[in-house]
Amino acid sequence: METLPSYAEDIYGGDSPSISMLSEVAAARKITIVGGSIPEKASGKVFNTCCVIGPDGQILAEHRKPSGTCVTDVGRIGIGICHDIRFPELAMLYRSKGAHLICYPSAFNMSTGELLWDLMQKSRAVDNQLFVATCSPARDPNANSDYMIWGHSSLIGPFGEVLAAAGHEEATVIGGMDLSTIQSTRENLPLEMQSRGDLYRLVDVLVNDSMKSRSDLCREMPA
């Protein structure tokens, strides 16, 4: 984390080679790219930011922990970064906002990856009956670092099925999503209807700060 300021980019100030590259690729290929995360400098602060780039090369949304969802040509997407995948409340909020897919750019290490990587992805997908995609850096066994990456980028379906997965090496993985399976899964197992909202509920509180509105989550329990 101490090196983030040295690599921080000004996304909206025209000084972001990462976003420029992603925008060029998205526009050239006419695709939507969830590109993150990168260190971003803005208003004298440094953020760990993930941007969603549309087929026209423009930024559709950005995620700075936490955020909302964005509508794309492949459905409504929610974004989380790495550690966010551990928190079911954020995924529940995205489901309540109509997300079809939650993307988690992440960099789990060897210990947390082996124990939790598959579990966390499948839990968020199954609990909310939607798709979950994770993107991890490839592992470099020769890297001069104490932090070794787990890898294993994946696409998980609403029933926890693995639709596509990479190993720890650099690779491009392609997986398909049939969004109609979200509806059929929820009809067969109506978790939202069965949820005991009289005992617990998710509260989405909008807080205005100096930059923009953001969502803070809390659990409200009955007295």
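The values are calculated or read from the model by the stated rules, or taken from the named source; none is laboratory data. Since the model is a prediction, treat every value here as computed from it, not as a measurement. Methodologically, a virtual Cβ is constructed for each residue, glycine included, from the backbone with ideal geometry; neighbour enumeration extends over all protein chains shown. Surface areas here come from the heavy atoms of the whole protein model, side chains and all, with no ligands, DNA or RNA. Shrake-Rupley method; radii C 1.70, N 1.55, O 1.52, S 1.80 Å.
Annotations
- Volume of the Cα convex hull of the chain, divided per residue and given in Å³: 148
- Residues of the chain: accessible area per residue with a 1.4 Å probe, Å²: 56
- Under 5 Å from the amide H of residue 61 lie the amide H atoms of 52, each residue being 5 or more positions distant or on a separate chain, with H modelled from the backbone and absent for Pro and chain starts.
- 3J(HN,Hα) from dihedral phi, region 153-169, Karplus parametrisation 6.51/-1.76/1.60, rounded to Hz, x for glycine, proline: 4, 8, 10, 10, x, x, 9, x, 6, 7, 8, 6, 7, 9, x, 9, 7
- Across 117, 150, the residue with the most accessible area heads the list, and the full order at a 1.4 Å probe is 150, 117.
- Result for the chain in a Gaussian network model with C-alpha springs under 10 Å: among 198, 127, 178, the largest mean-square fluctuation is at 198.
- Signed unit charges on C-beta, dipole axis of region 140-199, positive-most listed residue 172, 190, 143: 190
- Only Lys, Arg (+1) and Asp, Glu (-1) charged, at Cβ; the chain dipole about Cα centre in debye: 500
- Overall, region 1-51 carries a charge dipole of about 220 debye about its Cα centre when +1 sits on the Cβ of Lys and Arg and -1 on the Cβ of Asp and Glu, all other atoms neutral.
- Computed from the C-beta positions of residue 145 and residue 119 and an R0 of 30 Å, the FRET efficiency is 0.75 to the nearest 0.05.
- Per-residue extension of 0.36 nm, minus the Cα-Cα distance of residue 172 and residue 192, leaves a gain of 3.7 nm for this segment.
- Tensor-based shape of region 1-100 (alpha-carbon gyration tensor, a/c under 1.5 rounded, otherwise prolate or oblate): oblate
- Note on residue 83 and residue 159: their simple-model spin labels are 3.6 nm apart, each label 7 Å out from Cα toward Cβ.
- Sulfur and carbon atoms: percent of accessible area, the chain [1.4 Å]: 54
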